[in-house]
Amino acid sequence: MLCKIKRCLWRGSLFALLTWGAGLTPAVLRAEEPTPAVTEAVAVADPAPAMESRLAAIEQGLTDRKVVSDTLWVLLTAFLVFWMNAGFALVESGMCRAKNAVNILSKNFIVFAVSSLAFYVLGWGVMFGDGNGFMGLKGLFMISGADNSPATGSAYSGVYNAINWTGVPLSAKFFFQLVFAGTAATIVSGCVAERIKYVSFIVFSALLVGIAYPITGHWIWGGGWLAQKGFWDFAGSTAVHTVGGVAGLAGILILGPASGSSVPTEPPTPSRAIT
């Protein structure tokens, strides 16, 4: 029995020696060194700048989408107004003598080309450029003025302040106003149908859209003297249709009745009344 006790003590002593050397001494056999307290504060990133940056990106994305949708809507409505030229062509050719149908149709085609050139070269600047109560004086030629559209209101920096309320690119603004300028010239086409020579009509249209229409348009839509007095024309009943009608009336008074025309004694035939 004594021998067995000796062997157990020997084996226990040998095991304790080996575990002590290997660092595996049980916690009850050796004192644990206290873990030093963490004294340095862990740096935590401030989430505020990242959140602000993300919100700014979201806001910019929403603004861009709004500009895109507004631009598409403006262009769509401008296309519809542009197609009024086709309607004018049908009405005029249907209400005039058949021998003049081709002439009238070609005038309605060329009038928009002439109007586009005149309004681009001079008309836009006269109508919407910053100036005085009578006409615009800045950014006159070929839309060359400074502009940071689609910025609006106080964020806008350019020479077309009269139209800085709409948040679309400058090219969209120009096209929308161009189709109304062409409409004014097309009204004249119907008034002087069968009365005016081809070249004379082209020159008249260029002067109307390049000078006369933009000046009166500046009075109303360009911040001119009428606008300063509180005049308001939402859809162009005065700025477009009245100006075009008065210009057509002036042409009628100057040209007189069509050559060879007479007062009809019976209703027009369907071939003349419809196209």
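The values are calculated or read from the model by the stated rules, or taken from the named source; none is laboratory data. Computed from a predicted structure; not experimentally measured. Ideal geometry is used to build each Cβ from the backbone, glycine not excepted, and the neighbour counts take in all protein chains shown.
Specify which of the listed residues (220, 211) is touching a Gly at 6+ places or on another chain (Cβ under 8 Å), among the β-branched types (Val, Ile, Thr) and at pLDDT 90 or above. Break it down into steps so the answer makes sense when it comes.
Numbers: 220 fails: touching a Gly at 6+ places or on another chain (Cβ under 8 Å).
Just a single option satisfies the conditions, and that option is 211.
Residues are listed down the side, and each one gets a yes or a no for (1) in contact with a strand residue (DSSP E or B) (Cβ under 6 Å, 6 or more places away or on another chain); (2) buried (at least 22 other Cβ atoms within 10 Å of the Cβ); (3) part of a loop (DSSP other than H, G, I, E, B); (4) without any contact (Cβ under 8 Å) to a residue 12 or more places away in the chain:
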{"residue": "165", "(1), (2), (3), (4)": "no, no, yes, no"}
{"residue": "172", "(1), (2), (3), (4)": "no, no, no, no"}
{"residue": "175", "(1), (2), (3), (4)": "no, no, no, no"}
{"residue": "182", "(1), (2), (3), (4)": "no, yes, no, no"}
{"residue": "190", "(1), (2), (3), (4)": "no, no, no, no"}
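Please list, ordered by residue number, the helices (runs of 4 or more DSSP H) wholly in region 49-162 having 2 or more residues that are at pLDDT below 90.
On the way: elements: 84-95, 101-118, 124-128.
In region 49-162, the matching helices (runs of 4 or more DSSP H) lie at 84-95, 101-118.
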Query - Test set (1) among the β-branched types (Val, Ile, Thr); (2) within 19 Å of the chain's Cα centre (by Cα); (3) on the phi < 0 side of the Ramachandran plot - residue 216 fails condition number - result: (2)
Query - Subset of region 215-247 [more than 17 Å from residue 160 (Cβ to Cβ), surrounded by 17 or more Cβ atoms within 10 Å (Cβ to Cβ) and aliphatic (A, V, I, L, M)] - result: 226, 240, 243, 247
**Report entry** Failed criterion for residue 120 (all others in (1) crowded, with 20+ Cβ neighbours inside 10 Å; (2) within 24 Å of residue 80 (Cα to Cα); (3) not basic (Lys, Arg) hold)
**Finding:** (1)
Query - Residues of region 228-257 classified as over 24 Å from residue 117 (Cα atoms), part of a helix (DSSP H, G or I) and either among the aromatic types (Phe, Trp, Tyr) or touching a residue at least 60 places away in the same chain (Cβ under 8 Å) (or both), total - result: 3
